[in-house]
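See structure below.
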Amino acid sequence: MTDQQMPNKEDQKDNHSSALIEKIQQLGQTNVPQLAQDSNIHCLTIVGQIEGHLQLPPQNKTTKYEHLIPQLVAIEQNSKIEGLLVILNTVGGDVEAGLAISEMLASLSKPTVSIVLGGGHSIGVPIAVSCTYSFIAETATMTIHPIRLTGLVIGVPQSFEYLDKMQERVTKFVTRHSKVDEEVFKDLMFAKGNLTRDIGTNIVGHEAVKYGLIDEVGGIGKALKKLVEMIEENRSESDQEGMIQ
């Protein structure tokens, strides 16, 4: 091997240093714990604002639905992934994008567990309830309010009918995938006096469980324990089906 083909130690050292600097700049630390390579659980984070058909300003922290949808398809296809943990800390965002993510999560054949940390507001509510089992941190909040329209709105009856139909889509999804009663959910949605400049309700931790929106109050430990239990149940059911066949 010639000198030119020999790897340059200085170049390797520079690459290592730049990688460390990048980690410090992005994450504030040099070494980041990773999920085990042979882990059968995939972790999906939905943070900031859910971005839909319009691109948000670069300073906004966003979750892009065109990034999540291919991931969900890959999770469904990957036989090594047996369970999905969805971590939510979102202010909400685009209604149709949020409903698209919710429908995909609800239709996965694998066990799914969601956990609301910080907040799961607005269209984050359907995403939180779309999983097989849901958790909320004791101090986390969920804001339930009617759908709002942005931009130019034509003041004709059709506009209000369309808005009402969109509202109905969200309400039906939430009540179908949680234990909350439709009338109770609508009462929370149209309540006055709870939000300063809007109608709606802000519910915290135990209240979300009391109303039947979320299954249980708990943190990451409880969520992972529940997901592992569900994976084991799923395996035993598959084994039984295999024996019957």
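Rounded to the nearest whole Å², what accessible area per residue is found for segment 101-245 with the 1.4 Å probe?
Spelled out: the 1.4 Å probe surface of segment 101-245, per residue, equals 55 Å².
Using θ = phi - 60° and the Karplus form 6.51 cos²θ - 1.76 cosθ + 1.60, what ³J(HN,Hα) does each residue of segment 156-173 get, whole Hz, x for Gly and Pro?
Karplus values, whole Hz, x for Gly and Pro: 10, x, 4, 4, 6, 5, 5, 4, 5, 5, 4, 4, 5, 4, 5, 4, 4, 5.
Show log10 I(q)/I(0) for segment 119-245 at q = 0.12 Å⁻¹, two decimals, from a solvent-free Debye sum over equal Cα scatterers.
Taken in order of the listed q values, log10 I(q)/I(0) reads -0.56.
Given segment 44-122 reduced to its alpha-carbon atoms as identical point scatterers, what log10 I(q)/I(0) does the Debye formula return at q = 0.17 Å⁻¹?
Once normalised to I(0) and log-transformed, intensities are -0.65.
Please list the non-local residues whose amide H lies under 5 Å from the amide H of F190, H modeled 1.01 Å from N, same-chain partners needing a gap of 5 or more.
Amide H neighbours of F190, under 5 Å, 5+ apart: none.
For segment 102-157, what does the alpha-carbon gyration tensor say about shape, rounded, prolate or oblate, given a ≥ b ≥ c as the root eigenvalues, a/c under 1.5 as rounded, and a/b over b/c as prolate?
Numbers: a/c = 4.14, a/b = 1.67, b/c = 2.49.
Because a/c hits 1.5 or more and a/b fails to exceed b/c, segment 102-157 counts as oblate.
Would you mind pulling out the separation of the Cα centroids of segment 163-201 and segment 55-134, in Å?
Using only Cα atoms, the two centres lie 20 Å from each other.
Cβ under 12 Å from L54's Cβ, L54 left aside: what net charge do those residues give with Lys, Arg +1 and Asp, Glu -1? It would help to have the intermediate numbers written out before the result.
On the way: positive: K64; negative: E51, D94, E96.
Once all neighbours under 12 Å are counted, the net charge is -2.
The values are calculated or read from the model by the stated rules, or taken from the named source; none is laboratory data. All values reported here derive from a predicted model rather than from experimental measurement. All Cβ positions, even for glycine, are placed from backbone atoms using ideal geometry, and neighbour counts span all protein chains on display. The protein model used for the area step is the full one, side chains on, heavy atoms only, and it has no ligands, DNA or RNA in it. Shrake-Rupley method; radii C 1.70, N 1.55, O 1.52, S 1.80 Å.
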